[in-house]
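Engineer: A single structure is presented below for examination.
The values are calculated or read from the model by the stated rules, or taken from the named source; none is laboratory data. As the structure is a computational prediction, the values presented were derived from the model and not from experiment. A quick note on method: Cβ atoms are made from the backbone with ideal geometry, for glycine too, and the neighbour counts reach across all protein chains shown.
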C-alpha cells in the first residue's frame, strides 16, 4: 500500500523535475511558431509559383481558352479572392487569439495530477445577440450577392451562339474511349456524316452543340480549357456546348468513375481554323479504298477482316459479314443506327457488343492519338506540326502501335474477357502485325 | 390466460436450458462480450473505430504510393479501384461514424446525468451489429484472394457501373450487404440515444441546459434516423439487382441511373453532417474548458446546429450538378447549398468569440479543437466555391473535391474526435495521455495533413481527376502528387506517435500503481466530470439536480461580494466518488452478441450461399427469443461495480419482454 504511494510520489516528483523539460518545450514552442510561419509562407509562395507556371498543365482549369470556360473563370476568380480574404481573416484571428490570450506553460499546470490552478478568471461572457445577428446577416448578404452572379452565369452557359455551322456532334462514352458522330446538318435523328474516335475536331470560335450519351456506364465529358464537364448517362441524352477562342489541341479526361480503366480514358479537342476544319471534314466524309492486291496492305486487310473487323468498322471496306451477321452487304451506317440511335436503346448490353462498338478506323491516321488518347500515334505530334499534315509528315509511333495490336490489355487495363476493352491478339505473327500496320497506314 | 401459460412455458424453458440465466460479473474478457454498460460499449466502439482507422489509413498509403509518380505501377488499376473504394467506405462508415458513436455512447448518459441509455441491451446490439458489418466489409479485402472481391465501384457506387455486368465479382455485394448491416446498427443506436436524451435527463436539465455536445449528438441521431432508411432502400434495390436479377438500375430495361444518385445523396449529404456535427460538439466542449469561459452564444450554437440539421436535407443534388438534371434544379440546389455555409460560419465565429479574452491553455485537446476551427474553415470555404454551380462543373470529380472533403472530414471530424480522445481519456480510463507526446503527435499530424491535402486543391484546379489509377508525366501533376504522398506518410508517423502515446501512457500509469487522475483533471464544465474517473459502472452515486447550464462548473465556482469569481468547492468535494454500491443496474446479456453474429451469418449467406444465411436466421431468431425470454435481474439485489451476487434460477418468475 505504502509502496504504491511511494511510487506515486516518485512519479509526481519525476514530473516536477520535468520543469526543465518545460523550458525546453517553451523554446520548442518558439521554434514551432517560427517554423510554422515559415511553412505557411513557403506554401503560399509555392502555390503562387505553381499558378504562374500553369503553362505546363494541359488540363488546367485556371487558364481557359473557351468562351464558357472563361465565363466560369470570370465568375469564380473574384470568389476565390473573397474566400482567400476570409481565409486570412479567420486564420489570422486564430493566431492572434492564440498569441494574445494564451497562458504560458508553467501557469497552465499541465501536470498528470491535480491539474487546475485557482488563477484569475476572465470575464464570463455568455454571448451577445447583436453580434450573433450581425455575423449571421453579413455572410447571408454576401452569399446572396454571389448567388445572383452564379445564377446569371448558370443560365448564360446554356446559350448557344448562332453561327454559320449547323453541326451537332453526338458524343458517346464507352468503356474506355469516346466516339464522336458528326451531324453536319444538325439533325441528330439521321445517320451521322462522320464517325470518329477520341479526338473531337471543331472549328475555332464556333459554339458546337454536343449531344452527350453513353453506351454502358456513366462517363463525363470534360475538356477543362474549354468548358466544364457534363455526364454521359446511359439512356439519357445531355445537351452541352463547346467552343474555343484559340486553335490548338486541348486535352480532356473522363471524369466520372467508369470502371477499370477510368484513368486511361482520355480525349482531345482539336481546334482548327474554319478553313482547316472544312478541309478535315471533307476528307472525313470519304470512305476508305480497298488496298491493291499483292501489297502488304492487302495482306494486312486479310488479317484485319478476320481479327479486327468484328468490332472495328472501316467505312467502305468492312461489311456485315465481318460481324457474323447474315452475310448480306449492309450499309455501315445501319450498324450505327442499330447501336446508337437517339432513343434509350443506345444502351449496349453485353449481347450487342458487336461491330461498331469499337472505334471507327476509317481515318485512323488523321488522329494524333490512339487507345483512348492514352498513347500518341505520332512521335512528333506535340511539335508545331499542323494537325492536317500528320498522316504525311508525322513519325508513326510504330513500336507502341504494334504492342497495342499484339496485346492491348497489357498496354492499358481492360476487361477484355468480359468484352470490355480490346482483347489481346497474341496469336498474330510479327509478319501479320507488320501487314496490319501497313493496312492501317492507308487509312488517312 | 395465455400470458400465464406463456410465463409457465417460458419458465419451463428456462429451467431446461441454463443459458436463459444471465451472465454475471464485470471482470475479464467475457464481461466485455456480454456487457450492456454504455461506457464499455463506448470504449469498444472507440477501439473498433481506431482499428478500422489503421486499416483505412493503410489503404490510403497504398493510394498515395500508386499516385506518387506518373505511370505508377505499385498496384494495378483494378486493385487501385478496390483500394480507394474500400478506403472511402471504411473511413466513413467504420471510422468516423463509430468513433462519434463511441463518444455518444460514453458521454451522452453522463452529460445528462443518467445511469445508462434507455435500452442497454439494444445498445450492445448496436455495437455488435456494427462490428458484424465492419468485419464483413473488411473481410472483402482478403476473401477469395487479396483485393479479388473488394467493392470497386467507389463509395458512391453509381449505377450502372455497380451492376453485375460491369462489376461481376462479389465486391459490390459486400458493399450492399455490409452497409445494410452497419445501417441497422446506426438506426437502432439513433432511436436508443434519442429516447435517452428525451426521457432520461437529470432533474432540472431542460433541453436548453444540455451541453452543446449532447445537442449535436441528438441532432446527429435525428439525421441518422431519417437518412439511413433512404440509403437502406437504395442498398436493398441494389442487392436485389445483383443477387436476384431485378431491374431497378438496369438501363437496358428502362431504368434511369439517376435514381441511384438521388437516393444515395439524399442520404449522402445529411451523412456529411452526421460525420461533422459530433466533432463540432466536442470542439464546443473543449474550447470553453481551456478558455475558462462559457461557450459564446450557447443558443446560437444550438440553433445553428439545428439549422444545419434541417438545411442538410435540401442540398443533396449539389453532388449532381453535372449529372444533367437540368438548369432549374441546379439553380435551386446551388442557392440552398450556398446558404448552408451561414450556420457553419456562425459556429466558427462563436468558437473564436469563446476564445476571445479567455485564458487559453493549449493542452493537447485544445490544440486539436483549434486545429478543427482552422482546418474546417478551409474546407468550408472550398465548399462554398462548389456551390457556385458553373464553377463546380470544372471542379467536381477532381482533386479539388478530394481536398475539400478531407479538410472537412479529416481536418474537421477526425481532428475533433482525436481531440475528444485526449480530452475524455482521463474520464474513461483514470489517467491522462502524455501531453508532450500528445502535442507532438498533433503537430506532426497537422503538418502531414496539410502537406497531403493542401496540394490537392492545386492538383484539382490543374485538372487532375479523381479516381484515376495513374496519370501521364506530360500532365504536370507529378510534383504535387509527390508532396502529397510524402505528407501522407507524415500523417502516418503522427498516428503512430498517438498510438505510442496511448501505449506508453498506459504502461507508465500501470507502473506507478494505477492512481486515478481525479474526477475533474481539466477543470471542466460538464456533468460527466462530476463523478469519479474512470466513471463507475453506475455513473453517479445519486440523482443530480440541475439548476443551470454548466451546472458542474457553477458548483465549483461562485462570486464573492465584489463579483469576483472564486472557488466555492474543489471538484473532489462535489464529485461522486462512485462508492455507492447499492444501485440497480441492468444485467449483462448474451443475446445482443448472438443476434449480431446471426446477422453477420445472414450477410455472408446472402453473398455466398443461402444455407449459411439459413444458419444465420436460426441464430437470429434464437437470439430474439433468448432476448425476450431471459430473466430480468433480481430487482432487490444491488449491481454496483463490486456486485458479486449471482442470478439464481429462482429469479425467472420475473421474466420481462423487451
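Engineer: Of B:290, B:267, B:296, which residue is modelled with pLDDT of 95 or more and either part of a helix (DSSP H, G or I) or out of contact with any helix residue (DSSP H, G or I) (no Cβ under 7 Å at 6 or more places or on another chain) (or both)?
Structural biologist: Working: B:290 fails: modelled with pLDDT of 95 or more; B:296 fails: either part of a helix (DSSP H, G or I) or out of contact with any helix residue (DSSP H, G or I) (no Cβ under 7 Å at 6 or more places or on another chain) (or both).
B:267 is the lone residue from the list that is modelled with pLDDT of 95 or more and either part of a helix (DSSP H, G or I) or out of contact with any helix residue (DSSP H, G or I) (no Cβ under 7 Å at 6 or more places or on another chain) (or both).
Engineer: With the condition kept exactly as written, say whether any residue in segment B:381-399 is at pLDDT 95 or above, surrounded by fewer than 24 Cβ atoms within 10 Å (Cβ to Cβ), more than 9 Å from chain A (Cβ to nearest Cβ) and in a helix (DSSP H, G or I).
Structural biologist: no
Engineer: Does segment A:220-242 hold any residues that are more than 7 Å from every other protein chain (Cβ to nearest Cβ) and either within 24 Å of residue B:475 (Cα to Cα) or not in a loop (DSSP other than H, G, I, E, B) (or both), and which are they?
Structural biologist: A:221, A:222, A:223, A:225, A:226, A:227, A:232, A:239, A:240, A:241, A:242, listed by residue number.
Engineer: Next question, about the same structure. Only one of these is more than 8 Å from chain B (Cβ to nearest Cβ) and part of a loop (DSSP other than H, G, I, E, B): A:245, A:276. Name it.
Structural biologist: Details: A:276 fails: part of a loop (DSSP other than H, G, I, E, B).
Selected residue: A:245, the only one of A:245, A:276 that is more than 8 Å from chain B (Cβ to nearest Cβ) and part of a loop (DSSP other than H, G, I, E, B).
Engineer: Any residue in segment B:476-489 that is facing another protein chain (nearest Cβ under 7 Å) and without any contact (Cβ under 8 Å) to a residue 12 or more places away in the chain?
Structural biologist: no
Engineer: Additional query: All but one of (1) part of a loop (DSSP other than H, G, I, E, B); (2) under 22 Å from the mean Cα position of the chain (by Cα) hold for residue A:428, so report the exception by its number.
Structural biologist: (2)
Engineer: Among B:279, B:307, which is within 23 Å of the chain's Cα centre (by Cα) and buried (at least 24 other Cβ atoms within 10 Å of the Cβ)?
Structural biologist: B:279
Engineer: When segment B:453-468 is examined, which residues are found to be surrounded by fewer than 24 Cβ atoms within 10 Å (Cβ to Cβ) and either farther than 30 Å from residue A:47 by Cβ or more than 9 Å from chain A (Cβ to nearest Cβ) (or both)?
Structural biologist: Across segment B:453-468, there are no qualifying residues.
Engineer: Surrounded by fewer than 22 Cβ atoms within 10 Å (Cβ to Cβ) and closer than 22 Å to residue B:415 by Cβ - does that describe any residue in segment B:470-483?
Structural biologist: yes
Engineer: Would you confirm whether any residue within segment B:355-362 is part of a helix (DSSP H, G or I), facing chain A (nearest Cβ under 8 Å), more than 29 Å from residue A:218 (Cβ to Cβ) and touching a residue at least 60 places away in the same chain (Cβ under 8 Å)?
Structural biologist: At the first step, the residues of segment B:355-362 found to be part of a helix (DSSP H, G or I) are B:355.
Cutting the leftovers down to facing chain A (nearest Cβ under 8 Å) gives us B:355.
After this cut, where a residue has to be more than 29 Å from residue A:218 (Cβ to Cβ) as well, the list is B:355.
Narrowing the set further to residues that are touching a residue at least 60 places away in the same chain (Cβ under 8 Å) leaves B:355.
Yes, some residue in segment B:355-362 is part of a helix (DSSP H, G or I), facing chain A (nearest Cβ under 8 Å), more than 29 Å from residue A:218 (Cβ to Cβ) and touching a residue at least 60 places away in the same chain (Cβ under 8 Å).
Engineer: Suppose the filter is more than 7 Å from chain B (Cβ to nearest Cβ), surrounded by 13 or more Cβ atoms within 10 Å (Cβ to Cβ) and at pLDDT below 95; does residue A:62 pass it?
Structural biologist: Working: more than 7 Å from chain B (Cβ to nearest Cβ): no; surrounded by 13 or more Cβ atoms within 10 Å (Cβ to Cβ): yes; at pLDDT below 95: yes.
Answer is no for this residue.
Engineer: Across segment A:365-387, what is the total count of residues that are modelled with pLDDT of 95 or more and either assigned to a helix (DSSP H, G or I) or surrounded by fewer than 16 Cβ atoms within 10 Å (Cβ to Cβ) (or both)?
Structural biologist: 2
Engineer: Name the pairs whose Cβ atoms lie under 7 Å apart, with the first residue in segment B:324-347 and more than 7 Å from chain A (Cβ to nearest Cβ), the second in a loop (DSSP other than H, G, I, E, B) and surrounded by fewer than 24 Cβ atoms within 10 Å (Cβ to Cβ), and 6 or more positions between them or separate chains?
Structural biologist: From segment B:324-347, the pairs are B:333/B:315; B:336/B:315; B:337/B:315; B:340/B:315.
Engineer: So which of B:509, B:500, B:529 is over 25 Å from residue B:81 (Cα atoms) and crowded, with 24+ Cβ neighbours inside 10 Å?
Structural biologist: B:529
Engineer: Turning to a different aspect of this structure: Got a sec? Which of A:329, A:293 is at pLDDT 50 or above and either exposed (fewer than 14 other Cβ atoms within 10 Å of the Cβ) or more than 21 Å from residue A:212 (Cβ to Cβ) (or both)? Steps first, please.
Structural biologist: On the way: A:329 fails: at pLDDT 50 or above.
On inspection, the qualifying residue turns out to be A:293.
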